[in-house]
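The next block holds one structure in the form of structure tokens; read it before the comments.
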Amino acid sequence: GESVGLHLPTLSVQEGDNSIINCAYSNSASDYFIWYKQESGKGPQFIIDIRSNMDKRQGQRVTVLLNKTVKHLSLQIAATQPGDSAVYFCAENIMSNQAGTALIFGKGTTLSVSS
Amino acid sequence: SAVISQKPSRDICQRGTSLTIQCQVDSQVTMMFWYRQQPGQSLTLIATANQGSEATYESGFVIDKFPISRPNLTFSTLTVSNMSPEDSSIYLCSAKRQASSYEQYFGPGTRLTVT
């Protein structure tokens, strides 16, 4: 099965609210995590990343929190806008079966922002 | 970042035929990957495309079904062979500049429908 999963498949928020998207992972050897945003008909777009030696990283309107104790990752989006509506995936960097390191993706959370 | 393009963007194919998807990166990259994203699902790594040697396949994917070429550092192809409706998916090309780099970029995907 997948080693990365998300708690909620969908999240609906009002414009201007803060959004929190959660992800649980199971591989304690993962050394790097990324959040991707995927809009309809497009490939995943890099949002923010964090290495396993950190517990927080901030970008523009986004913050990623990493709790290695409980193997939990979250993405916080401040002042959510309609343009933030998309599917969000967390991904972890692990040693794959065959190819060295590879990104393994969680199931995704669909964020819907209403005006 | 790396700009990745794919051709075709979408196709509808008949059962039993094969389709070759092309991936072009705007600059030389060390690593290229192919992922599959089934409708409403997350991304699953198919294989790592190695320049000058056979691709490295993940568990559940085989070369006879998904032959991959990588003739140089900017181009790769994935062929979906002897297609069945279960192969209907989005196929995504991905790349990393350096093997030691964590940042991984994605193309827009090829939406394949098999009838």
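The values are calculated or read from the model by the stated rules, or taken from the named source; none is laboratory data. Just so it is clear, the model here is predicted, and its values are computed rather than measured. Methodologically, a virtual Cβ is constructed for each residue, glycine included, from the backbone with ideal geometry; neighbour enumeration extends over all protein chains shown. To get the accessible areas, we keep the full protein, side chains included, count just its heavy atoms, and leave off ligands, DNA and RNA. Shrake-Rupley method; radii C 1.70, N 1.55, O 1.52, S 1.80 Å.
The table below gives the values:
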item: Cα extents of chain A along the three principal axes, largest first (Å); result: 45, 30, 22
item: In sequence order, calculated HN-Hα J values of the range A:43-58 (Karplus, 6.51, -1.76, 1.60; Hz; x Gly/Pro); result: x, x, 10, 4, 10, 7, 10, 8, 8, 5, 8, 10, 10, 7, 8, 10
item: Area projected by the alpha carbon convex hull of the protein assembly as shown, averaged over all directions, nm²; result: 12.2 nm²
item: Chains A and B together, accessible area buried on both sides, 1.4 angstrom probe, square angstrom; result: 1700 Å²
item: Partner chain coverage, peptide B:102-108 - average Cβ within 10 angstrom; result: 6
item: Beta bridges per DSSP with both ends in the protein assembly as shown, % antiparallel, nearest 5; result: 90 percent
item: Rounded percent of accessible protein surface that carbon and sulfur make up, chain B, 1.4 Å probe; result: 46 percent
item: Sulfur and carbon atoms: percent of accessible area, the range A:36-115 [1.4 Å]; result: 46 percent
item: For the range B:4-100, projected area of the alpha-carbon convex hull averaged over all directions, nm²; result: 6.2 nm²
item: Across the protein assembly as shown: Cys residues that no other cysteine approaches within a C-beta distance under 4.7 Å; result: B:Cys13
item: Accessible area per residue, Å², the protein assembly as shown with all protein chains present, probe 1.4 Å; result: 47 Å²
